Amino acid sequence: MTATVWFNGEIVTEALALDPSDRGLLLGDGLFETIAVFNGKAIWLADHLDRLTAGAAILGLAMDRARIEAATQEVLGQSPHQHGILRLTLTRGPGMRGLAADGASPSLLVTLSPWAAGTLFAPVKLATSSIRRNETSPASRLKSLSYVDNILAAREAAAAYCDDALFLNTRGHVAATTIANVFILRGSRISTPRLDNGVLPGITRSKLLALGQADERKITPTELSAADAVFLTNSLRLIRPVHSLDGTTLRRNDAALTRYLDQLCRLIAEDSGIDPREVDAL
């Protein structure tokens with residue numbers, strides 16, 4: 001087993017024994033977080049747990065933050081990987097049949113896998129998905145286990161020989177990709193869609209907004225082709241420039257995007273003691 005696995009109270013070295021009535025397995029009734037780990041430190045863990053807490057409140061999902069923090073530290077301490085990808089998965093747990101049923105007790109799965117090198121600042125080819133993001137649904141702003149739309153869109157993009165799929169919302173405005181937030185650069189200013197456009201409140205997105213160099217607004221698809229640069233953000237890849245959309249080459253300004261990457265990497269280095277680009281190059 002390449003990953004270190006903790007499930008419902010203990011480190012597991014064999015295959016998991018799942019309850020066949022677990023609502024996470026049967027219905028996707030749960031939430032998850034994916035977190036970068038550098039030098040044994042879970043990056044921006046408090047922000048991820050804040051988002052998980054907010055999502056659990058929306059779903060009416062029981063969550064013990066202290067238990068998750070303790071499990072995370074146990075996994076970090078037991079893992080042979082100093083740099084890796086931490087995933088927290090929280091489900092409603094085993095329950096009776098019926099969509100509105102409660103679980104007996106939540107299930108918590110924590111895993112830490114080795115870091116996958118070569119993803120930071122890797123260019124992206126996007127394809128616009130035929131699936132629309134439902135901005136009226138709270139699920140569009142949750143890191144939910146119900147990822148079927150994202151899976152279908154990602155497979156659609158892969159069939160078009162693209163790296164990721166762009167979601168528009170039901171009003172035709174830019175929302176996100178299957179795994180990332182979207183930003184555009186115009187001049188010296190960057191913009192990203194507002195959360196009410198069907199957008200997950202990404203952690204890296206929030207860091208760029210906190211730097212005071214970005215604004216949130218409605219973005220139309222035509223603005224992508226008119227922008228000086230388009231880029232994606234998420235917690236593992238940080239920043240990735242978009243080089244094409246639906247087969248059309250987009251404008252690029254890698255020098256400007258590198259400056260934003262520098263600022264994010266400095267924040268991570270202050271937290272972990274290492275620049276993630278050093279890890280990504282290993």
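Here are the numbers for this structure:
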read-out: Accessible area of the range 175-234 divided out per residue, in Å², using a probe of 1.4 angstrom; value: 33
read-out: Area accessible to solvent at Ser21, 1.4 Å probe radius, in Å²; value: 40
read-out: Within a Gaussian network of the chain (alpha carbon springs, distance under 10 Å), most fluctuating of Ala17, Ala269, Ala62; value: Ala17
read-out: Lys, Arg +1 and Asp, Glu -1 on Cβ, resulting dipole of the range 1-82 about Cα centre, debye, nearest 20; value: 180
read-out: Surface share of carbon and sulfur [accessible, 1.4 angstrom probe, percent] for the chain; value: 53
read-out: Rounded to the nearest 20 debye, dipole of the range 86-135 from Cβ charges on Lys, Arg, Asp, Glu; value: 160
read-out: Accessible area of Arg92 in the full protein assembly, 1.4 Å probe (Å², nearest 10); value: 30
read-out: Top of Leu52, Leu152, Leu224 by mean-square fluctuation, Gaussian network on the chain, Cα under 10 Å; value: Leu152
read-out: Cα gyration tensor, the chain - rounded (a/c under 1.5), prolate or oblate; value: oblate
read-out: DSSP beta bridges in the range 147-282 [antiparallel fraction, %, rounded to 5]; value: 80
read-out: Note, ³J(HN,Hα) from phi for the range 79-87, Karplus 6.51, -1.76, 1.60, rounded to Hz, x at Gly and Pro; value: 6, x, 9, 6, 10, x, 10, 9, 10
read-out: Largest to smallest accessible area among Asp228, Asp163 [probe 1.4 Å]; value: Asp163, Asp228
read-out: Sequence of Leu61, Leu211 from largest to smallest accessible area, 1.4 Å probe; value: Leu211, Leu61
read-out: Phi-based couplings in Hz for the range 133-147 (Karplus 6.51, -1.76, 1.60; Gly and Pro marked x); value: 7, 8, 5, 7, 8, x, 4, 5, 10, 10, 8, 8, 5, 7, 10
read-out: Computed magnitude of the charge dipole of the chain (debye, nearest 20; Cβ of K, R +1, Cβ of D, E -1); value: 840
read-out: Cα lying deepest toward the dipole's positive end in the range 1-73, options Thr34, Ser21, Leu45, charges on Cβ; value: Leu45
read-out: The range 119-257 shape via C-alpha gyration tensor axes, a/c threshold 1.5; value: rounded
read-out: Heavy atoms of Thr248: accessible area, 1.4 Å probe, square angstrom to 10; value: 80
read-out: Selected from Thr248, Thr258, Thr4, residue furthest toward positive end of dipole (the chain; charges at beta carbon); value: Thr248
read-out: Under the Karplus curve 6.51 cos²θ - 1.76 cosθ + 1.60, θ = phi - 60°, whole-Hz ³J(HN,Hα) for the range 185-200, x wherever Gly or Pro sits; value: 10, 10, x, 9, 10, 10, 9, 9, x, 5, 4, 6, 8, x, 10, 5
read-out: Nearby aspartates and glutamates by direct alpha-carbon distance to Lys218 (threshold 16 angstrom, same-chain neighbours under 8 apart not counted); value: Glu135, Asp196
read-out: Choice from Ser137, Ser272, Ser244 with maximal GNM fluctuation in the chain (Cα, 10 Å cutoff); value: Ser137
read-out: Within the chain, percent of DSSP bridges classed antiparallel, to nearest 5; value: 80
read-out: Listed residues Asp280, Asp19 arranged by accessible area, highest first, probe 1.4 Å; value: Asp19, Asp280
read-out: Cross-link reach list, lysines versus Lys41, counting only Cα pairs under 20 Å and skipping chain neighbours closer than eight places; value: Lys207
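The values are calculated or read from the model by the stated rules, or taken from the named source; none is laboratory data. All figures in this text were calculated on a predicted structure; none of them were measured in a lab. As a convention, Cβ positions derive from the backbone with ideal geometry for all residues, glycine included, and neighbour counts pool all protein chains shown. Only protein heavy atoms, including side chains, enter the accessible area calculation; ligands, DNA and RNA are left aside. Shrake-Rupley method; radii C 1.70, N 1.55, O 1.52, S 1.80 Å.
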